[in-house]
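Each reported figure results from applying straightforward, stated rules to the coordinates on display, with no laboratory input. This is a predicted model, so every value here is computed, not measured. Every residue, glycine among them, receives a Cβ derived from its backbone with ideal geometry; neighbour counts consider all protein chains shown.
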Amino acid sequence: MGKIDRLFRKEIEDIPVYIPGKPIEEVERMLGLKHIIKVASNENPLGPSPKAVLAMKKALKGVNRYPDAASWYLKAKLSTTLKTEIERIICGNGSDEIIILTLKAFAGKGDEVIIAKPTFLIYQVAAGIVGADIKFVPLTKDLKYDLKAMKRAITDKTKIIFIANPDNPAGTYVTKRELEEFFDGLPEDIIVYLDEAYYELASDFCSDYPNGLDYLDRPNLIVARSFSKIYGLAGLRVGYGVTSARIVRYLDKYRDPFNVNILAQVAATAALDDKEFVKKTLKTVKEGKQFLYDELGKMGLEYVKTATNFMMIDVKRDSVKVFEKLICKGVIVRDMKAWGYDTFIRVSVGTREENKIFIDTLKKVLSK
Ligand SMILES: Cc1ncc(COP(=O)(O)O)c(C=O)c1O
């Protein structure tokens, strides 16, 4: 304790921090293991889109220059791909940045934001940083967003409602009908942040999964998507939001001009054309999911049916211990303790080989 304490605001110090896992190489070194598999962060197990890699190789020579501050080519490509006006698009340093920009722009002290529990942790972290009050609305018993309860939680102070569709960590999704019922009668002076980081996966797997872009006539809607998942570009940090031109101009004021780096811009632009990679990813996830469902079923374990590339599994015992034992045997998953699910782990669908290793290792760990 000293004079310096007055610089550190208590409300900021109290915000939960995102706890990153150790780098794989470091875990391998510490545990003396040769080959660790990481099925913890909902990444694409096939690597990056090959078209994106090729584009980056060509662009490497140009990294002495600052990136295009407007991400113009990427936005132009998104505009034709999504069939929406370029003025409606904002690119971010990961779709995470669109969450942060939205909170900075539309919420502050005295305002309320409505967030499900459990859901993607960054909503809570970023809301805490801008000093907004959070109203948490629990998921239903079957771990779905309770949109009716979220609507009931609205007050005069509400500025933003976050909807992760599908949800992370639950993997469940809001149907088209549920979303439309939610929109019906919703005040227009509240931002609805529809987080579709897993859009391509969910829209392929679920016939009643809504496309947020169909609702852009609503002046208060921000739809966000990511290049991290389906295109395998998580390490580059690039995502985007689609909303009204007015909201884009407003969010832009909060944005670092060079927020999306050169390699991320060219890679994302090229990835949008990589239909083959998208197809391969969807097939891998679909088959992997079925394999995991079948094997978990045989093991008598319950899991949450998922619309995306990860799932929550009830291991029926302390999930932190299971996590630790799995890691000692070379498999990294997430334990769900921080989300309040003490007996659940979350596992991402990997390659066929990774899924098999995960199941074999889980069997060994649970049999002890
Ligand atoms: C629901 C959800 N939204 C947003 C993100 C952030 O994605 P990005 O890598 O584009 O920042 C994630 C990442 O896991 C997520 O699960």
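Scan the stretch 226-246 for residues that are closer than 20 Å to Thr102 by Cα, hydrophobic (A, V, I, L, M, F, W, C) and within 13 Å of the chain's Cα centre (by Cα) and report the count. Please lay out each step first, then the result.
Here is the first cut: in the stretch 226-246, the ones closer than 20 Å to Thr102 by Cα are 226-228, 237-246.
Then keep just the ones that are hydrophobic (A, V, I, L, M, F, W, C); that gives 227, 238, 242, 245.
Checking which are within 13 Å of the chain's Cα centre (by Cα) leaves us with 227, 238.
Residues that pass the stated criteria total 2.
Considering only residues that are exposed (fewer than 11 other Cβ atoms within 10 Å of the Cβ) and not charged (D, E, K, R), look in the stretch 31-48 and name the one that is farthest from Glu353 (Cα to Cα). Write out each step before concluding.
Taking the stretch 31-48 as the starting set, the residues that turn out to be exposed (fewer than 11 other Cβ atoms within 10 Å of the Cβ) are 32, 34-35.
Checking the rest, the ones that are also not charged (D, E, K, R) come to 32, 35.
Numbers: Gly32: 21, His35: 12 Å.
Once the filter is applied, the top-ranked residue is Gly32.
Can you tell me which residue among Gly300, Gly340 is loosely packed, with under 15 Cβ neighbours inside 10 Å and either among the β-branched types (Val, Ile, Thr) or touching a residue at least 12 places away in the same chain (Cβ under 8 Å) (or both)?
Details: Gly300 fails: either among the β-branched types (Val, Ile, Thr) or touching a residue at least 12 places away in the same chain (Cβ under 8 Å) (or both).
The conditions single out Gly340.
I need the full set of residues from the stretch 103-128 which are small (Gly, Ala, Ser), within 16 Å of the ligand (Cβ to nearest atom) and outside any helix (DSSP H, G or I), in order please. Before the answer, list the steps.
Start the filter on the stretch 103-128 by keeping residues that are small (Gly, Ala, Ser), which leaves 105, 107-108, 110, 116, 126-128.
From what is left, the residues that are within 16 Å of the ligand (Cβ to nearest atom) are 116, 126-127.
Within the stretch 103-128, Ala116 is the sole residue that qualifies.
Residues Ile90, Ile100: which one is in a helix (DSSP H, G or I) and closer than 30 Å to Ile12 by Cα?
Numbers: Ile90 fails: in a helix (DSSP H, G or I).
So the residue among Ile90, Ile100 that is in a helix (DSSP H, G or I) and closer than 30 Å to Ile12 by Cα is Ile100.
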- Scan the stretch 129-148 and give yes if some residue there is under 26 Å from Lys10 (Cβ atoms), within 16 Å of the ligand (Cβ to nearest atom) and charged (D, E, K, R), otherwise no. no
- Task: Select from the stretch 217-241 the residues that are near the ligand (Cβ under 7 Å from one of its atoms), assigned to a loop (DSSP other than H, G, I, E, B) and under 16 Å from Val278 (Cα atoms) and list them in ascending order.
- Result: Phe227, Ser228
- Please indicate, with yes or no, whether at least one residue in the stretch 49-71 is of a type in the set (Asp, Glu), within 28 Å of the chain's Cα centre (by Cα) and under 21 Å from Glu353 (Cα atoms). no
